[in-house]
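The values are calculated or read from the model by the stated rules, or taken from the named source; none is laboratory data. Quick caveat, the model's predicted, so the values are computed rather than measured. Cβ atoms come from the backbone with ideal geometry, glycine included; neighbour counts cover every protein chain shown.
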Amino acid sequence: MTQTAKLSRKSFFQNFLSAIRELSQVEANQRNFILLPPGVASEENFLQLCNECYQCVAQCPHLAICVCRQQDNLFYGKPMIVAHEQPCYLCSDFPCIAACESGALQLEHSGSLNGVAKIDTERCLAFNGLFCRACVNACPLMDEALFINSAGLPQVNPEKCTGCGICENQCSMEQPAIKITFKA
Amino acid sequence: MGVTRREFIKTTAAAAAAASIGTTLLPGGVKPLFAENDMEWHKSVCRFCGVGCGVLIGVKNGKVAAIRGDKFNTINKGHLCVKGFYLHKIIYAKTRLTHPMIKKNGKFEKVSWDEALNFVAKKFNEIRKAHGPDALAFYGSGQAETEETYMANKLFKGCIGTNNMEGNPRLCMASAVGGYLTSFGLDEPAGTYEDIEQAEMFMLIGTNTAEAHPIVFERIVRHKMKNPNVKILIIDPRKTPTDQVADLHLFPKPGWDLAILHAMARIIIKEGYADEQFIKDNVVFKDNKKNLTYEQYKQFLEKFTPEYASKVSGVPVEDIVKAARMFGQAKTAMSMWTMGINQRTRGVWANNLITNLHLLTGKIGKPGCDSFSLTGQPNACGGVREGGGLCHLLPAHRVVKNPKHREEVAKVWGVPVSNIQPKPGKHTVAMFEALNKGEIKGIYIMCTNPAQSLPNASKYWKGLKEQFVVVAESFFPTATTKFADVVLPAAFWAEKEGVYGCTERRSQYMPKVLEPMGEARWDAFILRDLGIRMGFKKEFEKYKTAEDIWNEYISLTKGRDLDLSGATYRRLKKERGLRWPVPSEDHPGTYKRYVKGDPIFDELSEEKKKGRWIYFYGKPEGKAVVWARPDKGPEEPTDEEFPFALSTGRVLEHWHTLTMTGTVPELNRAVPKAYVEINPEDAKALGIANKDQVIVETRRGQLKIEARVINRPKKGTLFIPWHWEEWMANILTIDAFDPGSKEPEYKVCAARIRKA
Ligand code: SF4
Ligand code: SF4
Ligand code: SF4
């Protein structure tokens, strides 16, 4: 288990080598997605306001927030969530937001994170004829954000999905077949 | 791990692609998909649930590298659930037990096979001599092969001479056995999976089919997709993934559903949905004491108005009426149930009441009609129900009480008939109770983990601690090996050959494709060698191969209702299993019992059948029984002190006590730990938030566990998946059992919950 986690963490960060310079210059779908803690108004806003005090990192009871350590990443030094390792459980009292003094994280934007789940249908076991629904069963908004459609396959409702990443975390593929990525 | 990571990803993706449905790449196809990988594929059966899916084991360079669904297997037609898909990883789990060990001064020490077996033989013989044969016991498993259970049966009942020979199917299927025996006179369903695609209506009661029998569910889903008129009625106290297909869901308070079934029967008769001709020809009525007339049965039902049933169960009156009409109006109907019905102090009765509906409407014996019990374990039907692996049974649906049966079996076993006691031995709960009391002093546990899986588990640790315990297992440690004095490494699935018999009476062959890991040996041969060392050389030395054992077993089925004479290894190796009765090698097996096409029915004389198209030959005059059973509630109803009804159950991704699925990182990640499901309203009232640590408490114990606040359990009920040793749900469950089937009431007890 730990072995797996380590490997995938490494490969996750390797993805960042194709680095991103300027958010505005690169089309969203060309850069890698970074999942931010809840309460972010917009990525630009977050980049401006977050003063890297790491209070959110310290306060998260689920150890969901880590710090981006990829030097040429736009989010270098900023708190982030690697859902594959530990997702956000959207605590009802949002200790992360409560701890944030800079205003980078705000309660009024806590309804969802900055991403949405997407299923890689080429790799998802269910789309390949196996009976799997680990992601649906894991989703806190099961049957709403993530549901089994009439064809018996998992499907995301982007309107309802909060981007918490629990599905990505619990997908039963070694490399998750469902991932949090850019909102459309 | 047997494969490198890259290779794994490649094979997973490829196998996944191969398993895809509706493409030309259906698995098991003629064209090998992994030509470049020179993978060799072997036809086998999934190790896990009672569905009995056919798998292909992919072997490369002497290692099992992938599993895929067998397209030609009629059960799963290439599909698998995620457990089956990851089977290959379990073979190479780090927790595989690879050498015998004896506990010396409180610590396990590696020993030779000779030392281990001599030690066990000596201890067992000492106990037997000093305290008699009934001071010894065997506790087996619905996951053991038929051959393995057969050997244990012979050693304990036939040679040692004790009927203290049980297995964990007592904890899961015994009530279904009792139900079939009392309703039809013979165990196991009349129909098969083939009925699914012909049914117009399904009643799923006490089953979370989507998670516990995924591929059966998959078949129901597909059938409904193609035929939107198919109606599905669910009766279950909890909303589950099975609800995906529900047309109507009744949520009874746990343990209070008997009145609903009676109320449905009453409506069915009153509104003219009963098949009066069928009833006249094929049915008799009984209550717990005497025979009834149809009129008297109707009288009995008068109490069960929908209003009464609604009051008892908490289900709205209109829903009960709707459910009854749904069942009555459908031309064909199939009911399916599993632990929610069986694991009850009135499990046999609940089984009877389901079958009543089929008998009253004549929805039995026809395509698309059956009262179909879903078996939990892969070989609970084959090895234990058919093989006779319970304390009152002998092989091939025989019972110890019957002198003729004892004689027939003793003859084949080559033992004096006096060896086999006429009195049933101790059933599971009684057996572990006797271990606690010291009446049983030595026990051999094979392929199961009772220290975790018994109800009210911690109560029974005392006996396991104090008495001489031998555990034959493929994995180490387990909750039970902790208490063992000797552990014996058992060959795992794919490292041994043998037969599994699944839910639909189908026996399927599993090949040996690998040598056992380390010094592990096949359970059947461990038992054989133990028998020889205990002094039963003549009785055991003749078994040289798995086929020897199988042949002897099927010779005992000759002429019985489960005739497997035609299911020889030669045939089973080629075919995707055979459904009994299969009386000869040229017989195709039986789709449906009690009707034309069933060789036993076909052979009945015309004067017996009197022109009837269905004849329940297990009962006098071939008439099945509609039972007027009282509507008793659970043993431990909720009260002020313990206001919640607690149920336990499974999740899709895990199996029983995690000895297998717990070794697969992907499955662990899918469901990493236990939780207690609580309804949002209840949670709010108690100030419990999602993921809070809570204490769940019953009269037997308490458990600290994470709360999952979710709209699945009804208000007033709690649910805990029972797989984890760390969060052992069976500390809480009740060990009260059904007086008929002796199956404990895992599914209902009273509990309370608070924030930790
Ligand atoms: S909402 Fe809770 S789990 Fe999510 S990041 Fe904030 S503190 Fe962590
Ligand atoms: S858990 Fe992963 S593999 Fe399984 S259905 Fe969801 S996305 Fe597909
Ligand atoms: S449904 Fe049962 S038999 Fe089929 S693959 Fe899953 S666990 Fe195995």
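Checking A:T121 against (1) touching a helix residue (DSSP H, G or I) at 6+ places or on another chain (Cβ under 7 Å); (2) more than 14 Å from chain B (Cβ to nearest Cβ); (3) hydroxyl-bearing (S, T, Y): exactly one of these is not met. Which one? The single condition A:T121 does not satisfy is (2). Regarding B:K742, is this residue of a type in the set (D, E, K, R), at pLDDT 95 or above and touching a His at 6+ places or on another chain (Cβ under 7 Å)? In short, yes. Can you tell me how many residues within the stretch B:468-490 are surrounded by fewer than 24 Cβ atoms within 10 Å (Cβ to Cβ), assigned to a loop (DSSP other than H, G, I, E, B) and touching a strand residue (DSSP E or B) at 6+ places or on another chain (Cβ under 9 Å)? The total comes to 3.
Every residue, every condition in (1) within 19 Å of B:G376 (Cα to Cα); (2) assigned to a strand (DSSP E or B); (3) away from every other protein chain (no Cβ under 14 Å), yes or no:
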site	(1), (2), (3)
B:D187	yes, no, yes
B:A190	yes, no, yes
B:E197	no, no, yes
B:M203	yes, yes, yes
B:T207	yes, no, yes
B:F217	yes, no, no
B:V221	no, no, no
B:K224	no, no, no
B:I232	no, yes, no
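Hey, any hits in the stretch B:243-252 for a residue that's part of a loop (DSSP other than H, G, I, E, B) and surrounded by 20 or more Cβ atoms within 10 Å (Cβ to Cβ)? Scanning the stretch B:243-252 turns up at least one residue that is part of a loop (DSSP other than H, G, I, E, B) and surrounded by 20 or more Cβ atoms within 10 Å (Cβ to Cβ). Whenever a residue of the stretch A:58-79 is modelled with pLDDT under 90, it has no partner that is near ligand 1 (Cβ under 9 Å from one of its atoms) and charged (D, E, K, R) lying with C-beta atoms less than 6 angstrom away and at least six residues away or across chains.
Per the listing B:E197, B:E166, the residue uniquely away from ligand 2 (no atom under 16 Å from the Cβ), touching a Phe, Trp or Tyr at 6+ places or on another chain (Cβ under 9 Å), touching a residue at least 24 places away in the same chain (Cβ under 8 Å) and of a type outside the set (G, A, S) is B:E166.
Within the bounds of the stretch B:296-319, is there any residue that is in contact with a Ser or Thr (Cβ under 7 Å, 6 or more places away or on another chain), crowded, with 24+ Cβ neighbours inside 10 Å and outside any loop (DSSP other than H, G, I, E, B)? So far as the stretch B:296-319 goes, no, none of its residues is in contact with a Ser or Thr (Cβ under 7 Å, 6 or more places away or on another chain), crowded, with 24+ Cβ neighbours inside 10 Å and outside any loop (DSSP other than H, G, I, E, B). Output the residues belonging to the stretch B:527-577 that are over 13 Å from B:E386 (Cβ atoms) and among the hydrophobic types (A, V, I, L, M, F, W, C). The answer is B:L527, B:L530, B:I532, B:M534, B:F536, B:F540, B:A546, B:I549, B:L572. In contact with a helix residue (DSSP H, G or I) (Cβ under 6 Å, 6 or more places away or on another chain) and away from chain A (no Cβ under 14 Å), is that true of B:A174? No, not satisfied. Against the list (1) away from ligand 2 (no atom under 16 Å from the Cβ); (2) within 14 Å of chain B (Cβ to nearest Cβ); (3) within 18 Å of the chain's Cα centre (by Cα); (4) surrounded by fewer than 19 Cβ atoms within 10 Å (Cβ to Cβ), the condition A:E44 fails is (2).
Okay, residues lined up against (1) touching a residue at least 12 places away in the same chain (Cβ under 8 Å); (2) among the aromatic types (F, W, Y); (3) touching a Lys or Arg at 6+ places or on another chain (Cβ under 9 Å):
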| site | (1), (2), (3) |
| --- | --- |
| B:L572 | yes, no, no |
| B:S584 | yes, no, no |
| B:K596 | yes, no, no |
| B:D602 | no, no, yes |
| B:R629 | yes, no, yes |
| B:T638 | yes, no, yes |
| B:F644 | yes, yes, yes |
| B:E666 | yes, no, yes |
| B:V676 | yes, no, yes |
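Inspect all residues belonging to the stretch A:137-148 and state whether any of them is within 16 Å of ligand 3 (Cβ to nearest atom), in contact with a Ser or Thr (Cβ under 7 Å, 6 or more places away or on another chain) and either assigned by TED's automatic domain parsing to the domain that holds A:L63 or closer than 23 Å to B:G662 by Cβ (or both). There is no residue in the stretch A:137-148 that is within 16 Å of ligand 3 (Cβ to nearest atom), in contact with a Ser or Thr (Cβ under 7 Å, 6 or more places away or on another chain) and either assigned by TED's automatic domain parsing to the domain that holds A:L63 or closer than 23 Å to B:G662 by Cβ (or both).
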